[in-house]
Amino acid sequence: MPENKSTARHTGHTRRTRSLAAVALGAAVLSVASQAPAQAASVATWDKVAQCESTGNWSINTNNGNYGGLQITLPTWKAYGGLAYASRPDLASKKQQILVAEKILAGQGPGAWPNCNAGLSTDHAKPYSDRIGAYDPATQTFYESNDNSTVAGSVKFGNAGWIPLVGDWNGDGVASVGAYDPSTATFYLSNDNSTTAVTAKFGNPGWIPLVGDWNKDGKDSIGAYDPATATFYESNDNSTVVGSAKFGNPGWTPLVGDWNGDGVTSIGAYDPNTQTFYLSNDNSTTAVTIKFGNPGWKPLVGDWNGSGKDSVGGYDPATATFYLTNDNSTAAVTTTFGNPGWIPLKGSW
């Protein structure tokens, strides 16, 4: 096999598809400055490549010089930044392998997988870019958008008074819904946007629920924030506390995200009085300070362009308008979605 190329073996496999009934909802893109790159592919297409290369085994190592689901060589892994995640592709999560594969695809084109590149030439969707959504608390209904404009699906989940959650609970690369009962500090997580797959009590009543990939395993798990002490608590197994950190000040809004693209979710905080974001890469010191948005807006965090790094955004609840930035400075996307009074969401639907 040529260096910096991967070999092919098998064919087939697609990502699971959800049964979300599309509904009509007023939403209009006011301006969209960002465009998909010339070379990119959705998770579904990468699943097909992996099925062909390795029968979809993302942790395979047969000592043939090619590793992981996409059979990437070590020189290629190193050249395209894979060492930020793991020493070999098979030791990295599916998401991390795909993020490196996106860079390979951009640099070498579909020919990097000469016999297993079906769809790589035509599917230009970024695999893990976050899109917006909204939650109607009156009906406990989640609305998702794949294009930051129109409704791609909706689902009712949880009960009145619960807090909506979104995360990739099973590591399949697709975000699904969840809900948090603040009166009992109980999380309810769904993998199919219908039934509850995980029920977990974590933290104390009155705390704020968190969602993140704290250990770089490609799956989101839960956490909680104590607003009285400005303390974050994280769990890798949706049960025990594996880490805690105090960051920011009481009265600030807790944030979590992968600010530096290392595959690990870390913490941050937002001061609503000054519209200032404080982001930490080590759960201790402030790495980035950003002022964005206007008084009364709600802070948002997401990987809006599929770069592997989260950046900030803002949501104007009075107009149901999202303002998203890729550079933590200028708004790349401005779009209205949902209705005033709804809760903003984001996820890789």
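The values are calculated or read from the model by the stated rules, or taken from the named source; none is laboratory data. Bear in mind the structure is a predicted one, so any value in this text is a computation, not a measurement. All Cβ positions, even for glycine, are placed from backbone atoms using ideal geometry, and neighbour counts span all protein chains on display. With ligands, DNA and RNA removed, areas are computed over all heavy atoms of the protein, side chains included. Shrake-Rupley method; radii C 1.70, N 1.55, O 1.52, S 1.80 Å.
In summary, strands (runs of 3 or more DSSP E) completely within segment 124-184 and bearing 3 or more residues that are under 24 Å from Ser235 (Cα atoms) occur at 163-167, 176-181.
Take Trp349 and tell me if it is assigned to a loop (DSSP other than H, G, I, E, B) and closer than 18 Å to Leu210 by Cα. Judged against the criteria, Trp349 is not a match. Residues in segment 172-193 that are touching a strand residue (DSSP E or B) at 6+ places or on another chain (Cβ under 8 Å) and in contact (Cβ under 8 Å) with a residue 60 or more places away in the chain were compared, and the one that is most open to solvent (accessible area, probe 1.4 Å) is Asp192. Looking at Gly306, Gly341, which is the one that is more than 23 Å from Thr141 (Cβ to Cβ), in contact (Cβ under 8 Å) with a residue 40 or more places away in the chain and either in a strand (DSSP E or B) or open to solvent by less than 60 Å² (accessible area, probe 1.4 Å) (or both)? It is Gly306. For segment 239-281, a residue qualifies if it is more than 16 Å from the chain's Cα centre (by Cα) and among the acidic types (Asp, Glu), and exactly one does: Asp271.
For segment 288-311, name all the residues that are over 14 Å from Gly347 (Cα atoms) and touching a Pro at 6+ places or on another chain (Cβ under 9 Å). Selection gives Phe292, Gly293, Pro295, Gly296, Trp297, Lys298, Pro299.
Name every residue in segment 136-157 that is in contact with a Gly (Cβ under 8 Å, 6 or more places away or on another chain) and open to solvent by less than 40 Å² (accessible area, probe 1.4 Å), in order of residue number. Asp136, Gln140, Phe142, Tyr143, Glu144, Ser145, Phe157 - these are the residues of segment 136-157 that are in contact with a Gly (Cβ under 8 Å, 6 or more places away or on another chain) and open to solvent by less than 40 Å² (accessible area, probe 1.4 Å). The selection criterion, being within 21 Å of the chain's Cα centre (by Cα), surrounded by fewer than 23 Cβ atoms within 10 Å (Cβ to Cβ) and closer than 20 Å to Pro344 by Cβ, does not hold for Asn236. Within segment 278-298, being of a type outside the set (Val, Ile, Thr), touching a residue at least 40 places away in the same chain (Cβ under 8 Å) and either open to solvent by less than 10 Å² (accessible area, probe 1.4 Å) or not in a loop (DSSP other than H, G, I, E, B) (or both) holds for one residue alone: Lys298. Applying the condition of being of a type in the set (A, V, I, L, M) and part of a strand (DSSP E or B) to segment 309-335 and asking which residue is most open to solvent (accessible area, probe 1.4 Å) yields Ala331.
Screening Asp220 with (1) at positive phi; (2) under 12 Å from the mean Cα position of the chain (by Cα) gives one miss only, at (1).
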